[in-house]
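Peer 1: Dropping the structure in here first, questions after.
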Amino acid sequence: MTVALDTPPTADGLLLRPFEDADAPALIEAYRDETLRRFTRIPLDDPEQAAHWLALQYDGWAAGTRYSFAVLDAGRLVANVALKRGTPGGETAEVGYWTAAPARGRGVAPRAVEAVTAWAFEAFAVDGLDGLRRIDLLHQVDNHASCRVAEKSGYAFREVLSALPPEFPLDGHRHARNRLDVPEAGR
């Protein structure tokens with residue numbers, strides 16, 4: 001059985017939903033954080049840049065290549081989790097995310113990543129066939145917090161990826177989760 005793409009993922013204590021134009025001020029606020037800016041590629045400093053970023057998310061949904069979710073806690077934007085599918089209908093995808101500074105260290109990212117992972121494997125199952133088989137989680141080697149999120153979300157370390165300057169100036173890690181993997185209890 002598959003879930004509908006318009007049925008958002010669920011995570012304990014968090015609301016996940018597609019982004020909306022009204023999220024622009026909260027996005028600009030979140031992007032003021034230097035740590036977040038260090039690990040993201042698109043600047044987001046003003047309403048025009050926020051509108052551009054939101055348009056990329058909407059276009060991704062429409063094309064079936066990017067499913068980006070606003071993660072809210074008590075009505076406040078605290079994170080973003082996106083499932084990226086380079087090839088709609090392909091067997092692999094990538095999950096990416098960021099967490100706003102005030103929400104770090106509270107388990108927001110692992111809960112949201114786990115929710116989107118479960119949602120993706122269900123949403124992209126293909127009538128009795130395997131559908132989506134693997135989701136990768138990539139991060140720079142110096143992003144230790146992302147390594148912990150990967151582990152807590154059941155993504156096993158697979159390999160070190162070589163740097164690809166200028167976009168990816170440092171080596172990276174590839175963690176992966178297969179459709180049939182069951183995360184360990186109590187992570």
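The values are calculated or read from the model by the stated rules, or taken from the named source; none is laboratory data. In this text, all values refer to a predicted model and were calculated from it rather than measured experimentally. Here Cβ is always computed from backbone atoms with ideal geometry, including for glycine, and neighbour counts include all displayed protein chains. In case anyone asks, the SASA skips ligands and DNA or RNA and just uses the protein heavy atoms, side chains included. Shrake-Rupley method; radii C 1.70, N 1.55, O 1.52, S 1.80 Å.
Peer 1: May I ask you to list the residues in the stretch 162-179 that are under 21 Å from the mean Cα position of the chain (by Cα) and of a type in the set (S, T, N, Q)?
Peer 2: If the condition is that a residue be under 21 Å from the mean Cα position of the chain (by Cα) and of a type in the set (S, T, N, Q), then ASN178 is the only one that fits.
Peer 1: Checking GLU94 against (1) outside any loop (DSSP other than H, G, I, E, B); (2) touching a residue at least 24 places away in the same chain (Cβ under 8 Å); (3) of a type outside the set (Gly, Ala, Ser); (4) over 22 Å from LEU14 (Cβ atoms), which single condition isn't satisfied?
Peer 2: It is condition (4) that GLU94 fails.
Peer 1: Oh, and also: Enumerate the pairs (first residue in the stretch 4-26 and over 12 Å from TRP119 (Cβ atoms); second residue anywhere and acidic (Asp, Glu) and modelled with pLDDT of 95 or more) with beta-carbon separation below 9 Å, excluding pairs fewer than 6 apart on the same chain, so at least 6 apart or on different chains.
Peer 2: Correct list of pairs: GLY13/ASP73; LEU14/ASP73; LEU15/ASP73.
Peer 1: Any idea which of (1) open to solvent by less than 40 Å² (accessible area, probe 1.4 Å); (2) touching an Asp or Glu at 6+ places or on another chain (Cβ under 9 Å) is the one ARG111 doesn't satisfy?
Peer 2: (1)
Peer 1: If you don't mind, there's one more thing I want to ask. Could you please give the count of residues in the stretch 146-181 that are open to solvent by 50 Å² or more (accessible area, probe 1.4 Å) and either in a helix (DSSP H, G or I) or touching a helix residue (DSSP H, G or I) at 6+ places or on another chain (Cβ under 7 Å) (or both)? Break it down stepwise before answering.
Peer 2: Let us first name the residues in the stretch 146-181 that are open to solvent by 50 Å² or more (accessible area, probe 1.4 Å), namely 148, 151-152, 157-162, 164-171, 178-181.
Of the ones still in play, those that are also either in a helix (DSSP H, G or I) or touching a helix residue (DSSP H, G or I) at 6+ places or on another chain (Cβ under 7 Å) (or both) are 148, 151-152, 179.
Residues flagged as open to solvent by 50 Å² or more (accessible area, probe 1.4 Å) and either in a helix (DSSP H, G or I) or touching a helix residue (DSSP H, G or I) at 6+ places or on another chain (Cβ under 7 Å) (or both) within the stretch 146-181 amount to 4.
Peer 1: State whether the residues of the stretch 47-62 include one that is farther than 19 Å from THR7 by Cα, acidic (Asp, Glu), surrounded by fewer than 15 Cβ atoms within 10 Å (Cβ to Cβ) and at pLDDT 95 or above.
Peer 2: Kept after step one, since they are farther than 19 Å from THR7 by Cα, are these residues of the stretch 47-62: 47-56.
Right, trim to acidic (Asp, Glu) and you get 48.
Still in the list and also surrounded by fewer than 15 Cβ atoms within 10 Å (Cβ to Cβ): 48.
The next check asks that each one be at pLDDT 95 or above; those that pass are 48.
The answer is yes, given that some residue of the stretch 47-62 is farther than 19 Å from THR7 by Cα, acidic (Asp, Glu), surrounded by fewer than 15 Cβ atoms within 10 Å (Cβ to Cβ) and at pLDDT 95 or above.
Peer 1: Continuing with the same structure: If GLY86 satisfies all but one of (1) under 21 Å from ARG134 (Cα atoms); (2) open to solvent by 70 Å² or more (accessible area, probe 1.4 Å); (3) in contact (Cβ under 8 Å) with a residue 24 or more places away in the chain, what's the number of the condition it fails?
Peer 2: Just one mismatch for GLY86, condition (3).
Peer 1: Enumerate the pairs (first residue in the stretch 140-157 and among the basic types (Lys, Arg); second residue anywhere and outside any strand (DSSP E or B) and at pLDDT 95 or above) with beta-carbon separation below 7 Å, excluding pairs fewer than 6 apart on the same chain, so at least 6 apart or on different chains.
Peer 2: Going by the 7 Å Cβ cut-off, the qualifying pairs are LYS152/PRO110.
Peer 1: Taking TYR67, is it within 19 Å of GLY86 (Cα to Cα) and among the hydroxyl-bearing types (Ser, Thr, Tyr)?
Peer 2: For TYR67, the condition - within 19 Å of GLY86 (Cα to Cα) and among the hydroxyl-bearing types (Ser, Thr, Tyr) - is met.
Peer 1: Then there is this: Regarding THR92, is this residue hydroxyl-bearing (Ser, Thr, Tyr) and open to solvent by 10 Å² or more (accessible area, probe 1.4 Å)?
Peer 2: Spelling it out, THR92 is indeed hydroxyl-bearing (Ser, Thr, Tyr) and open to solvent by 10 Å² or more (accessible area, probe 1.4 Å).
Peer 1: Something else now. Report, by residue number, each residue of the stretch 115-124 that is within 14 Å of ALA150 (Cα to Cα) and buried (at least 23 other Cβ atoms within 10 Å of the Cβ).
Peer 2: VAL116, THR117
Peer 1: If you don't mind, there's one more thing I want to ask. Quick test for you: out of ALA30, ALA70, pick the one residue that is touching a residue at least 40 places away in the same chain (Cβ under 8 Å) and in contact with an Asp or Glu (Cβ under 7 Å, 6 or more places away or on another chain). Steps first, please.
Peer 2: Numbers: ALA30 fails: in contact with an Asp or Glu (Cβ under 7 Å, 6 or more places away or on another chain).
Criteria check complete, one pass: ALA70.
Peer 1: Something else: Taking into account only those residues within the stretch 112-145 that are assigned to a helix (DSSP H, G or I) and not aliphatic (A, V, I, L, M), which is nearest to LEU72 (Cα to Cα)?
Peer 2: My answer is GLU114.
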